[in-house]
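Written below as structure tokens is the structure these notes are about.
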Amino acid sequence: MSLRAFVPRETAACSVGADAVASALAAHAALTGVDLTIVRTGSRGAAWLEPLVEMDTATGRVGFANVSPDAVHALLAAGAPNTAHPSCIGLVAAHPWFAGQHRLTFRRAGLGDPLSLSDYRAAGGLAGLTRALGLTGEQIVAEVTDSGLRGRGGAAFPTGIKWNTVRGAESDTKYVVCNADEGDSGTFADRLLIEADPFQLIEGMIIAGLAVGATRGYVYVRSEYPLAIAVLREAIARAETAGMLGESVLESGRRFHLELRVGGGAYICGEETALLESLEGKRGVVRAKPPLPALSGLFGKPTVINNVLTLAAVTDVLAMGGAQYAALGLDRSKGTMPFQLAGNVRCGGLVELPFGLTLRQLVNDFGGGTRSGRPLRAVQVGGPLGAYLPESQWDTPLAYESFAAIGAMLGHGGIVCFDETVDMAEQAEFAMAFCAHESCGKCTPCRIGSTRGVEVIQRLRRQDAPRKHWALLEELCETMELGSLCALGGLTPLPVRSVMTHFSADLLAPVRGASS
């Protein structure tokens, strides 16, 4: 009997022993004579189930959760998948955590070998690119505009408008740049997609190039993602060999070349202009705008800069049509969003759904509440620059306009949960400290304001002239918001103000552990 086992080769899964499990499976097969093929996949994104080992059966792929090397022999009782084993979760596709999602961008994640271009094509890959090759740049941009797709990296700027600006710019050279410098706390969707479905990103970048008239692209990946870098580098090489990249994309006569660049570990290089500076070999420092990168970007040329998830979503927009994509979501928040559950949550991982469900539904129905079992107290949405939301705001729909209305933002879709033991004053101080640590230093409101912010919050926590320092903190937040060159300094007040508004008692209480 021939068997196939699917074991993730993905950062989160490998961190909890997936490589050792794969080796144990191979050793067991050699020892027992079982005809076993081991496929190293990406991950489906269920970090709470990793290592998640899947096996083919007559009824479909069954999964075994949190597998250890010692448990491998029990999974293959009598040379067949042991579905009676306590770790078996049944058919993976039917499991409520997966079945309750609406996956577009991540529908292939974890299903097969991420470096097999034939598997990618068989699972629907290249449909968008094939269609795009038969359209003009103007028609491609029209589809993206009709889809309502907005940047998934945090700014939520309409993708079609950005692309149309670059398309209309007069230049002999244009570029497509992918921002894969994913540095927000609680986020991992970019990494997961690169490790699980890298050809989708490549396809999206080629489509962007066709749309705006660019023939060269760069992917800027953060240095802390060694496996993603290795996977993407190999995927680019295979795409070149197969004719997906190069002088004639899919034998169309259209040219597109792609290169990978590794960042130096600076959070600020997630800001598009600092990224461009780094990509040009300079120190990662924010540029003043105007000019916009769409008109004068990389090496002074018109440049499309989009996040990994945005470029990946473009493949679906072209494959299914802009109108069909726009039918998903809520109001002007169109399509699906890969939300990332992290922090003190029982079922952490990636959940992709159309915009519109509430934060409470996401955290409770998919997250399963806190890992500690204690009541949830606060949820930070949108990374370290996002607001801390109290329970009174958890019924807000997860959509751009809905969150803006309550003084919050979706950002990159990171959701970090905190139980009742959290000290929210400490979180407010952390927001300022993070900004001080990561500031590029170019503008005074960010560079100096964040350092003063830490000091003022520390005085508040010591109950040192609280009324005076509360007013000073409000004034400082306003200065940073209105005077900073980029979103790092401009958005740092968001989490601080949310603590001042919703958790003021923590901010005015004595520092925990201090003597009375």
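Contact annotation: residue pairs with Cβ atoms under 7 Å, 6 or more positions apart or on different chains, pairing a residue in region 204-217 that is under 14 Å from L250 (Cα atoms) with a partner that is open to solvent by 10 Å² or more (accessible area, probe 1.4 Å) and part of a helix (DSSP H, G or I), are L210/G137.
Out of all the residues in region 272-285, is one or more in contact (Cβ under 8 Å) with a residue 24 or more places away in the chain, closer than 17 Å to R216 by Cα and part of a loop (DSSP other than H, G, I, E, B)? Within region 272-285, not a single residue is in contact (Cβ under 8 Å) with a residue 24 or more places away in the chain, closer than 17 Å to R216 by Cα and part of a loop (DSSP other than H, G, I, E, B). Restricting to region 30-65, and then to whatever is closer than 15 Å to R4 by Cα and free of Cβ contacts under 8 Å to residues at least 24 places away in the same chain, can you tell me which residue is nearest to the chain's Cα centre (by Cα)? Filtering first and then ranking leaves A58.
Among the residues of region 400-413, those that are buried (at least 18 other Cβ atoms within 10 Å of the Cβ) and either in a helix (DSSP H, G or I) or out of contact with any Leu (no Cβ under 9 Å at 6 or more places or on another chain) (or both) comprise Y400, S402, F403.
Close contacts from region 468-488, counting a first residue that is under 16 Å from A431 (Cα atoms) and a second that is surrounded by fewer than 21 Cβ atoms within 10 Å (Cβ to Cβ) and of a type in the set (K, R), with Cβ to Cβ under 7 Å and a gap of 6+ residues or different chains, come to L476/R452; C477/R497.
Scanning region 268-296 for residues that are crowded, with 17+ Cβ neighbours inside 10 Å and among the basic types (K, R) returns a single hit, R287. Right, R103: touching a strand residue (DSSP E or B) at 6+ places or on another chain (Cβ under 7 Å) and of a type in the set (K, R) or not? Yes. With respect to L389, determine if the residue is open to solvent by less than 30 Å² (accessible area, probe 1.4 Å), at pLDDT 95 or above, touching a His at 6+ places or on another chain (Cβ under 8 Å) and not hydroxyl-bearing (S, T, Y). It is true that L389 is open to solvent by less than 30 Å² (accessible area, probe 1.4 Å), at pLDDT 95 or above, touching a His at 6+ places or on another chain (Cβ under 8 Å) and not hydroxyl-bearing (S, T, Y). Per the conditions (1) assigned to a helix (DSSP H, G or I); (2) in contact with a helix residue (DSSP H, G or I) (Cβ under 6 Å, 6 or more places away or on another chain); (3) not acidic (D, E), the sole criterion not satisfied by A109 is (1).
The residue that is most open to solvent (accessible area, probe 1.4 Å), among those in region 68-91 that are touching a residue at least 40 places away in the same chain (Cβ under 8 Å) and in contact with a helix residue (DSSP H, G or I) (Cβ under 6 Å, 6 or more places away or on another chain), is H73.
Among residues of region 339-353 that are closer than 15 Å to A12 by Cβ, those with a Cβ under 7 angstrom from a residue that is of a type in the set (K, R) and open to solvent by 10 Å² or more (accessible area, probe 1.4 Å), sequence gap 6+ or separate chain, pair up as V345/R371. Looking at (1) open to solvent by 40 Å² or more (accessible area, probe 1.4 Å); (2) outside any helix (DSSP H, G or I), which is the one condition that is false for L36? Result: L36 fails condition (1) only. Screening L350, L260, L250 for residues that are modelled with pLDDT of 95 or more, among the hydrophobic types (A, V, I, L, M, F, W, C) and touching a Lys or Arg at 6+ places or on another chain (Cβ under 6 Å) leaves exactly one candidate, L260. Taken over region 376-399, the residue count meeting the criterion of being in a helix (DSSP H, G or I) and polar (S, T, N, Q) is 2. For region 107-114, the criterion of being farther than 17 Å from Q324 by Cβ, free of Cβ contacts under 8 Å to residues at least 40 places away in the same chain and either buried (at least 21 other Cβ atoms within 10 Å of the Cβ) or aliphatic (A, V, I, L, M) (or both) is satisfied by no residue at all. Screening R371 with (1) surrounded by 21 or more Cβ atoms within 10 Å (Cβ to Cβ); (2) assigned to a loop (DSSP other than H, G, I, E, B) gives one miss only, at (1). So which residues in region 315-332 are exposed (fewer than 15 other Cβ atoms within 10 Å of the Cβ), on the phi < 0 side of the Ramachandran plot and modelled with pLDDT under 95, if there are any at all? Result: R332, single match. So is R152 under 30 Å from G183 (Cβ atoms), part of a loop (DSSP other than H, G, I, E, B) and either open to solvent by 40 Å² or more (accessible area, probe 1.4 Å) or of a type in the set (S, T, N, Q) (or both) or not? Spelling it out, it is not the case that R152 is under 30 Å from G183 (Cβ atoms), part of a loop (DSSP other than H, G, I, E, B) and either open to solvent by 40 Å² or more (accessible area, probe 1.4 Å) or of a type in the set (S, T, N, Q) (or both). With the requirement that a residue be touching a His at 6+ places or on another chain (Cβ under 9 Å) and closer than 20 Å to G386 by Cβ, what does region 301-335 give you? Of everything in region 301-335, those that are touching a His at 6+ places or on another chain (Cβ under 9 Å) and closer than 20 Å to G386 by Cβ turn out to be N307, L309. Screening A47, A65, A94 for residues that are at negative phi, at pLDDT 95 or above and open to solvent by 60 Å² or more (accessible area, probe 1.4 Å) leaves exactly one candidate, A94. Inclusion of T59 among residues that are within 15 Å of T83 (Cβ to Cβ), of a type outside the set (A, V, I, L, M, F, W, C), touching a strand residue (DSSP E or B) at 6+ places or on another chain (Cβ under 7 Å) and open to solvent by 60 Å² or more (accessible area, probe 1.4 Å) is warranted.
The values are calculated or read from the model by the stated rules, or taken from the named source; none is laboratory data. Computed from a prediction, not measured in an experiment: that's the story for all the values here. With ideal geometry, Cβ positions are generated from the backbone for all residues, glycine too; neighbour counts draw on all protein chains shown. Accessible surface is based on the protein model in full, side chains and every heavy atom, while ligands, DNA and RNA are left aside. Shrake-Rupley method; radii C 1.70, N 1.55, O 1.52, S 1.80 Å.
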